[in-house]
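The values are calculated or read from the model by the stated rules, or taken from the named source; none is laboratory data. Because the structure is predicted, anything quoted here is derived from the model rather than measured. Cβ sites come from the backbone with ideal geometry, for glycine too, and all protein chains shown count toward neighbours.
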Amino acid sequence: MCVGSEAYDVYRTMQFDSEEDFKQIDSIVAGFEAFCIGKVNVTCKHYRFNKCTHESIERFDVFRGEIRHLARACDFGTVEESMIPDCIVVGKKMTM
């Protein structure tokens with residue numbers, strides 16, 4: 001497999017559990033994924049979910065889809081389905 005000099009530098013700095021993992025493609029791919037993707041900032045995801053509001057010109061089904069997408073990213077687990085209606089009620093702008 002050929003990689004560029006930047007990828008090779010990243011590879012050389014990777015830490016593996018054993019010397020064998022250093023040569024295993026699955027371990028190398030996992031190392032590159034960890035480097036490129038990084039960690040998810042759950043607090044940021046929760047903030048975006050809680051701040052989502054329905055704009056008056058936005059179709060409701062589009063808004064509901066956005067809420068579902070944001071909830072999935074938050075990894076709420078078993079409470080995800082109960083969080084979505086709460087967010088819809090709180091995020092719905094009322095016009096009188």
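Points worth noting:
- Within the option set S56, S82, S27, being of a type in the set (S, T, Y) and under 30 Å from R12 (Cα atoms) holds for one residue only, S27.
- Filtering segment 60-80 for residues that are among the hydroxyl-bearing types (S, T, Y) and either in contact with a Gly (Cβ under 7 Å, 6 or more places away or on another chain) or modelled with pLDDT under 90 (or both) leaves an empty set.
- Any hit, segment 15-31, residues being in contact (Cβ under 8 Å) with a residue 12 or more places away in the chain and in contact with a helix residue (DSSP H, G or I) (Cβ under 6 Å, 6 or more places away or on another chain): yes
- For segment 47-91, filtering for residues that are touching a Ser or Thr at 6+ places or on another chain (Cβ under 8 Å) and either surrounded by 12 or more Cβ atoms within 10 Å (Cβ to Cβ) or hydrophobic (A, V, I, L, M, F, W, C) (or both) leaves 1.
Listed here are the residues, each with its yes/no results for (1) part of a helix (DSSP H, G or I); (2) surrounded by 10 or more Cβ atoms within 10 Å (Cβ to Cβ); (3) among the polar types (S, T, N, Q); (4) in contact with a Lys or Arg (Cβ under 6 Å, 6 or more places away or on another chain).
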| residue | (1), (2), (3), (4) |
| --- | --- |
| E19 | no, no, no, no |
| D26 | yes, no, no, no |
| V29 | yes, yes, no, no |
| F32 | yes, yes, no, no |
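- Cβ-Cβ distances below 6 Å connect the following pairs, each with a first residue in segment 78-92 that is farther than 10 Å from I67 by Cβ, a second residue that is part of a helix (DSSP H, G or I), and a separation of six or more residues or different chains: E80/A71.
- Residue match in segment 45-61 (condition: among the polar types (S, T, N, Q), within 30 Å of G91 (Cβ to Cβ), assigned to a helix (DSSP H, G or I) and in contact with a helix residue (DSSP H, G or I) (Cβ under 9 Å, 6 or more places away or on another chain)): yes
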